[in-house]
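Worksheet for the structure shown next.
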Amino acid sequence: MTRVSEPKLLSGGNPQIPKGEGDAPVQAYIAAMPGWKSEAGARLDALIERVVPGVRKAVKWNSPFYGVEGQGWFLSLHCYSKYIKLAFFRGASLDPLPPVGSKDENTRYFHIHEGEALDEKLMADWIRQAAAQPGWMA
C-alpha cells in the first residue's frame with residue numbers, strides 16, 4: 001500500500017510544495033494550508049480565476065504565484081502563523097493602495113487574518129488592476 005505523505009509545514013505554517021507550473025501545484029499548496037487558511041486560499045484562488053480568466057499559476061519558493069502569460073507575475077501568497085500575506089508586485093500603483101509597505105518600493109502587501117471578512121469587491125479591483133500591468137518576471 002502506497003502512503004501519500006502530507007506536505008511538510010515550514011516555519012510559520014507555510015506548506016512546502018515542490019515548485020511547478022499550472023493549477024495542480026497551486027491546488028496542492030491550498031489543500032496543505034493549515035486550518036482556516038485553506039478555505040481562505042481556495043476562496044482567493046477562485047476569485048482570481050473569476051477576475052482574470054486564463055490566469056497563469058505556479059508554485060515558486062513555496063508560494064503560489066499568479067500571472068498573465070507574457071506579462072509576468074502580479075500576485076503571490078504566503079502563509080504565516082497568524083495570517084496569509086498577499087504580495088502585489090506592482091502594488092504601489094494600485095488605487096487604493098494596499099495597506100502594508102515593502103522594502104521594494106513597487107510591492108505592497110495585504111494580510112488576511114482569521115475571522116476577518118474579506119472585502120471581495122476591493123480584492124477583485126486590486127486583482128484586476130494588478131493583472132492589467134506588466135508583472136514581475138521571475
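The values are calculated or read from the model by the stated rules, or taken from the named source; none is laboratory data. Remember, it's a predicted structure, so these values are computed and weren't measured experimentally. Because the Cβ atoms are built from the backbone with ideal geometry, glycine has one as well, and the counts that use them run over all protein chains shown.
Summary of computed values
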{"quantity": "Residues of the stretch 77-100 classified as without any contact (Cβ under 8 Å) to a residue 40 or more places away in the chain, buried (at least 18 other Cβ atoms within 10 Å of the Cβ) and more than 12 Å from His111 (Cα to Cα), total", "calculated": "2"}
{"quantity": "Answer from Gly41, Gly13, Gly35 - the residue that is in contact with a helix residue (DSSP H, G or I) (Cβ under 9 Å, 6 or more places away or on another chain) and crowded, with 20+ Cβ neighbours inside 10 Å", "calculated": "Gly41"}
{"quantity": "Only listed residue being within 22 Å of Pro134 (Cα to Cα) and either of a type in the set (S, T, N, Q) or at pLDDT 90 or above (or both), chosen from Gly41, Gly35, Gly22", "calculated": "Gly22"}
{"quantity": "Matching residues, the stretch 48-93, being outside any strand (DSSP E or B), among the small types (Gly, Ala, Ser) and touching a Phe, Trp or Tyr at 6+ places or on another chain (Cβ under 8 Å)", "calculated": "Gly91"}
{"quantity": "Residue check, Trp73 touching a residue at least 40 places away in the same chain (Cβ under 8 Å), of a type in the set (A, V, I, L, M, F, W, C), over 27 Å from Gly115 (Cβ atoms) and touching a Gly at 6+ places or on another chain (Cβ under 6 Å)", "calculated": "yes"}
{"quantity": "Any hit, the stretch 75-97, residues being under 18 Å from Ile48 (Cβ atoms), polar (S, T, N, Q) and modelled with pLDDT under 95", "calculated": "no"}
{"quantity": "Unmet requirement for Pro96, which otherwise passes all of (1) touching a strand residue (DSSP E or B) at 6+ places or on another chain (Cβ under 8 Å); (2) part of a loop (DSSP other than H, G, I, E, B)", "calculated": "(1)"}
{"quantity": "Where Glu116 falls short, out of the listed (1) closer than 27 Å to Lys8 by Cα; (2) surrounded by fewer than 20 Cβ atoms within 10 Å (Cβ to Cβ); (3) in contact with a strand residue (DSSP E or B) (Cβ under 6 Å, 6 or more places away or on another chain)", "calculated": "(3)"}
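Results for (1) among the aliphatic types (A, V, I, L, M); (2) more than 19 Å from Ile127 (Cα to Cα), shown as yes or no for each residue.
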{"position": "Leu9", "(1), (2)": "yes, yes"}
{"position": "Gly13", "(1), (2)": "no, yes"}
{"position": "Gly22", "(1), (2)": "no, no"}
{"position": "Ala28", "(1), (2)": "yes, yes"}
{"position": "Leu44", "(1), (2)": "yes, no"}
{"position": "Arg50", "(1), (2)": "no, no"}
{"position": "Asn62", "(1), (2)": "no, yes"}
{"position": "Lys85", "(1), (2)": "no, no"}
